[in-house]
Amino acid sequence: MAEWNAYYRDEDEDEEQEEGEQSGGGYKITGRDSLVFLVDASKEMFITGEEGQPSNFDMTMQVVRSVYTSKIISSHRDLVALVFFGTEQSKNPRNSFKHVYVYHDLDEPGAKRVQDVEALRGEKGAQFAAETMGSGETSLGDALWCCANLYNDIKLRLSHKRLMIFTCRDEPHGGDSTKDRQARTKASDLKETGVVIDLMHLMKPGGFDVSLFFCDIVSPPEDESELGLQLEPSDKLEDLKKRVRAKEQKKRAMARLNLCLGEGINIAVGIYATAVSARKPGAIRLYRETNEPVRSKTRTFHTQTGSLLLPSEIKKAQVYGKRKIVMERDEVDAIKKFDDPGLFLIGFKPMERLKLHHHIRPAVFLYPEEDEVKGNSISVACLFSALLEKCSEKNVFALCRCISRRNYPPRFAALVPQKEEVGEGKVQITPPGFNVIYLPYADDIRTLDPPQHPSATQTQVDKMKEIVSKLRFKYRSDAFENPVIQQHYRNLEALALDMMAPEDTEDLIMPKVEQIDHRLGPLVQEFKDLVYPANYNPENKPAAKRKTADTGGGAEKKSKVEMPEDELRARVQNGTLGKLTVPVLKEACKQFGVRTTGTKKQELIDALIARLSS
């Protein structure tokens, strides 16, 4: 019975297996991500900026709406909440805390929540917020306590818990030491339960001093690249969106493995995808009466008895030498297993041995995972850093055997060192680590015969080089959005939010013809004169004239195919009349004066058989 339950799980048990489950070696992570927006609702947040700039509250609501919509698209199973503190009205579970207004509980984002946040934007939104919540005393400790209760009320498994504080006041309690101490205590309790607290401080007159109060509230940066994000307050919407996006986006490893440098020397590393192609989501089957998603389940039945088969009763077979070899499932898994997942160092090669045609698939990034190391993580970081430094110094790459998951075939991989790059304000631009390039096997490389075409002259090549140099620009992948996907999600958003029409999307991949013509000038015509003959227009080719019968080019009629009666009777007796084509069968019907009711092949055959059999 235990085996039955292990294979045929309930739908409720399937719900616990959330998206994002990853396994590599002995590592597995399941659960949902959660995010709580804790927004200051004091009067200072509603002050509009100069030259018509939006208020800090309006910018915060735009960011919250952006996160809601992105969560619906990318991670619709994540939990999001919106809580205001410093309000006049109170609304929270059991109304235990004054001046705390829970606008949205921790739950999955949806269209209704996006509309609720949309109602708080702009001047009308500020007026609506003043009427609904108002502005009153501030107690950040009570607000943090209320957020802790929101987390405690969730019975689902949470893989990551994050809380973002939006405020423009560096001293929210006005110097009240009791409230400051209470807030520090609750923040410490939240951090001990695994909640990461981030501060999204906004611009105010006189500047924002984090050291006065919030340095003891927020969590330390998880990554060195985030050090520069905590220095200056945000005064622009795009800057605030960028900071929230950097904190909110998942940084999950594709797999966590051991990098074996030798006997007994292992480094825990994580493999990360630096870029993932965006695709339209797949269609979801819905039940027509309740509009709920339909789950499909597969069952295997015996063909003769019709009984339901258990997994232990299902076997696999392979034919070898006209003999069927039956194997158990464990035996099949044992055949597929080459070794345990991990990276095994084979040696080092000069960087010039790595060729461009060796890149057969997108590279991934390798970085040490200090959290997964039991014991002294400092020695692991030092060992990884020493390996990276020596590979960069000697200009070599590490050649490894890579097995990313259980029962995966081994691959050879080149670990190419990448040094750290730091920009302005000592903000990390490129992290240190190794780029993992999967190398091809000998069978993957084929020798192709290139097609023979006339070669271009040196003058034509030089002219095309001029054109290419004029059209060069600095490419950035994030500057070009997929217009099909963008339009798809605009349509879904308009449908879900009852909008009159979807927002317009700009197709950024379309060439700017006017700008290209302005840059090139006469170069295009000069290149055409060098390549094409005189008076040749490649865009409008003249249609080929049809030759007349007088010139000998008329279409000849196909000769009629006649078949002797003896051959037809022989085909009727042998049953091979169906091998003849329809035109031949029609000519045979005309030849013997057979009238048919249709022109289908079988009707022609039946008519001929009836005529020749009589």
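Okay, here's what the table says:
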item	result
Local net charge near Gly578, Cβ-Cβ under 10 Å (Lys/Arg +1, Asp/Glu -1)	+3
Fully extended contour minus Cα-Cα distance, from Thr599 to His359, at 0.36 nm per residue	80.7 nm
Test item: Cα-centred dipole of region 245-331, Lys/Arg +1 and Asp/Glu -1 on Cβ, debye	460 debye
Violating pairs (Cα-Cα greater than 29 angstrom) within the set Lys71/Lys179; Lys43/Lys98; Lys98/Lys242; Lys43/Lys112; Lys71/Lys355; Lys390/Lys470	Lys71/Lys179; Lys98/Lys242; Lys71/Lys355; Lys390/Lys470
Debye, to nearest 20: dipole size of region 76-131, +1 on Lys, Arg Cβ, -1 on Asp, Glu Cβ	120 debye
Normalised contact order of the chain, rounded percent, pairs of Cα under 8 Å and 6 or more residues apart	9 percent
Förster-model FRET efficiency, 30 Å R0, Glu238 and Ile516, C-beta, rounded to 0.05	0.55
With Cα atoms, 0 to 90° folded angle of helix 140-152 axis to the chain main axis	40 degrees
Whether region 265-387 is rounded, prolate or oblate, judged on the alpha carbon gyration tensor where a/c under 1.5 counts as rounded	prolate
Protection-proxy order for peptides 583-589, 451-457, 383-389, each taking the mean of Cβ atoms within 10 Å per residue, highest first	583-589, 383-389, 451-457
Per-selection Kirkwood Rh - region 80-224 (Cα, Å, 1 d.p.)	16.2 Å
Counted charge near Val294, where neighbours are those whose Cβ lies closer than 10 Å (Asp, Glu -1; Lys, Arg +1)	+2
Using alpha-carbon coordinates, inclination of helix 582-591 to the longest axis of the chain, degrees	30 degrees
Ordering of 254-267, 477-490 by packing [mean C-beta count within 10 Å, highest first]	254-267, 477-490
Within the accessible area of region 343-490 (1.4 Å probe), percent carbon and sulfur	54 percent
Label-zone membership for region 115-131, site Lys91, 7 angstrom Cα→C-beta point, backbone N under 16 Å	115-121, 125-131
Relative contact order (%) - criterion: Cα under 8 Å, at least six apart; region: region 59-203	23 percent
Highest average packing first - 209-216, 137-144, Cβ atoms within 10 Å	137-144, 209-216
D (Stokes-Einstein, µm²/s), Kirkwood Cα radius, the chain, 1.002 mPa s at 20 °C	66 µm²/s
FRET efficiency, 1/(1 + (r/R0)^6) with R0 22 Å, evaluated for Thr303 and Lys324 via beta carbons	0.85
The chain: angle of helix 601-613 to the longest principal axis, Cα-based, in degrees nearest 10	30 degrees
DSSP-defined beta bridges in the chain - what % are antiparallel, rounded to 5	65 percent
Those residues of region 440-472 whose amide nitrogen sits under 12 Å from the label point placed on Leu530, 7 Å along Cα→Cβ	456-469
Sequence-distant residues sharing a close amide H with Ala268 (under 5 Å, placed H)	Leu259, Glu369
Fully extended contour minus Cα-Cα distance, from Val484 to Met499, at 0.36 nm per residue	3.4 nm
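The values are calculated or read from the model by the stated rules, or taken from the named source; none is laboratory data. What you see is a predicted model; the values in this text were computed from it and never measured. Glycine also receives a Cβ, built like all others from the backbone with ideal geometry; neighbour counts cover every protein chain displayed. Calculation scope for accessible area: heavy atoms of the full protein, side chains included, ligands and nucleic acids excluded. Shrake-Rupley method; radii C 1.70, N 1.55, O 1.52, S 1.80 Å.
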